[in-house]
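Remarks on the structure that follows.
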Amino acid sequence: MTDQSPILLAHILNGPDRGICDEATLIHTLREETLGWVHLSGTHAAAEDWIMRHLDYLDPQAAEALLDVDTRPRMSRMGDGMIVILRGMNWNEGEDPEDMVSVRMYIDAHRIVTISRKRVRSIEKLDADIRAGRGPETAGAFLFQLIEYLVGGIGNFQRTLDQEAEKLEDAVILEGTESLRRSVVDMRLQVIAALRFLIPQRDVLGDITRSGSPFIDANTRREIEEEAIKMTRIVEDMEELRDQTMVLREELSGQLSDRLNKNMFVMSVASVVFLPLGFITGLFGVNVAGMPGTQNSNAFLYLCLACVGIVILQIGGLMWLRWIGRRR
């Protein structure tokens, strides 16, 4: 395909001419009963014009849904076809996986049109399968294969987060340092950002299995149901992970608070011990007549011994009150 064309991939999926095709053949195929698939770049300047000119037979709402910039996972029946919008993990370099990429799709028994604004690994895997001669040959099989790849990528992301959460939990329990606070918050934000799309995507997969679309046979429907179950489990695990990060944050805050309280307690005890000593030394430091011991060469020794005795009495009193030593 040329730079002037928004087409990224074009395949005939069944029939004697199965394989990669040029733009002219694709446009003809999409109007016929042979199953064709085209994948478009949503950021290409000519994408909207191409859809309006060459897919003018589609429902206007379908064209509008394909061109939407801000989307959420959803499924809508349109005659014998459907609009499906799904999300996959964003594995593009320099971007966050939880900032999920959108795949917009119109699909019926004879044509599949997909469009995305960023690279989608699941689309690239489908392309590689078709080039290798093992790709889907029906619209239902294509939909299932795409869903399987998307759910598989999401599952890998969830398992990675689970492993990181286990390491973080051990670090919080063993170390409990202030630096872990940022890690806990970052993981919680990752989970929340992903759940924003995963929860509606779980519902979409359930809607697809119940849609009764004529191009999805019974066997393919059962396979999609299995992916819907996997998606449900992933959402439940992510929700549990979200709660786990909240518990970790509370545990870390509790440890830091206990540490601060302990330090404040030590400072308080030190203040209690040295307050009377400061008073006595301050009093005997007054440079006025009449101070006792000014003529006695042992007066300083007596003062030191008196201070030591006061400290011993204070420590004994604090231990009796159980402020220090064994705590109740």
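The values are calculated or read from the model by the stated rules, or taken from the named source; none is laboratory data. It should be emphasised that the depicted structure is a prediction, and the values quoted were computed from it without experimental measurement. Here Cβ is always computed from backbone atoms with ideal geometry, including for glycine, and neighbour counts include all displayed protein chains. Accessible surface is based on the protein model in full, side chains and every heavy atom, while ligands, DNA and RNA are left aside. Shrake-Rupley method; radii C 1.70, N 1.55, O 1.52, S 1.80 Å.
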List ASP162, ASP56, ordered by accessible area with a 1.4 Å probe, largest first: ASP56, ASP162
By average C-beta atoms within 10 angstrom, highest first, the peptides 223-231, 26-34: 223-231, 26-34
Solvent-accessible area per residue, Å², over the chain with all protein chains present [probe radius 1.4 Å]: 56
Among 189-197, 125-133, the order from most to least packed when residues are scored by Cβ within 10 Å on average: 189-197, 125-133
Vicinal HN-Hα couplings computed from phi for region 21-35 (Karplus, 6.51 cos²θ - 1.76 cosθ + 1.60; Hz; Gly/Pro x): 9, 7, 5, 4, 5, 4, 4, 5, 4, 5, 8, 9, 7, 6, 6
At 1.306 mPa s and 10 °C, Stokes D of region 27-160 from Kirkwood alpha-carbon radius, µm² per second: 104
Area of VAL266 that stays accessible when all protein chains are in place (1.4 Å probe, Å², to 10): 90
Relative contact order of the chain, defined on C-alpha pairs under 8 angstrom at six or more residues apart (%): 14
Label-point separation, ASN219 to LYS262 (7 Å along Cα→Cβ), nm: 6.5
Carbon and sulfur %, accessible surface of the chain computed with the full protein complex present, 1.4 Å: 53
Paramagnetic reach from ILE173 (point 7 Å along Cα→Cβ, amide N under 13 Å) across region 223-248: 248
Value of Rg to Rh for region 139-218 (Rh from inverse mean 1/r over Cα pairs, i.e. Kirkwood): 1.19
Shape category assigned to region 80-143 from the gyration tensor of Cα positions, a/c cut at 1.5: oblate
Pairs of lysines in the chain (C-alpha under 28 Å apart; 8 or more residues apart or interchain): 4
Pairs of Cα atoms farther than 24 Å apart, the chain, %: 66
Selected from ILE27, MET291, ILE208, residue furthest toward positive end of dipole (the chain; charges at beta carbon): MET291
Cα centroid separation - region 76-122 against region 219-263, whole Å: 26
